[in-house]
Amino acid sequence: MGSEFEKLYSIKEATAPLGLSRDSVVRLIQRGKLKAVHYPRMGGRGRNRPRRIRHSEIVRFLRECEEGGDEPPFSYFFTSASFGCSHVF
């Protein structure tokens, strides 16, 4: 388990270390491949719920890809032949 004061990334911030688009990060969260912390809405009418991804979760995901013999996920999202680390899709 991570530190009590572990860095939390917004989805937009998580795109850089993962090398993925915002939509790809959201898809990973929806499919349960990347865990996110969901916060309750703080007013407003929007349907979006604020989500944050722990630093340790990003590191875990990237290590799983590397241990599985896969290249870093971003290299696959720009080819038509394959769709990334087996943990992604």
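The values are calculated or read from the model by the stated rules, or taken from the named source; none is laboratory data. In this text, all values refer to a predicted model and were calculated from it rather than measured experimentally. Here the Cβ positions follow ideal geometry from the backbone for every residue, glycine too, while neighbour counts run over all protein chains shown.
Scanning region 38-59 for residues that are in contact with a Pro (Cβ under 9 Å, 6 or more places away or on another chain) and either modelled with pLDDT under 90 or among the β-branched types (Val, Ile, Thr) (or both) gives His38, Tyr39, Pro40, Arg41, Met42, Arg49, Pro50, Ile58, Val59. Out of curiosity, is Lys35 basic (Lys, Arg) and out of contact with any His (no Cβ under 8 Å at 6 or more places or on another chain)? Judged against the criteria, Lys35 is a match.
Residues that are in a helix (DSSP H, G or I), modelled with pLDDT under 90 and either surrounded by 15 or more Cβ atoms within 10 Å (Cβ to Cβ) or in contact with a Phe, Trp or Tyr (Cβ under 7 Å, 6 or more places away or on another chain) (or both) do occur in region 66-73, at least one of them.
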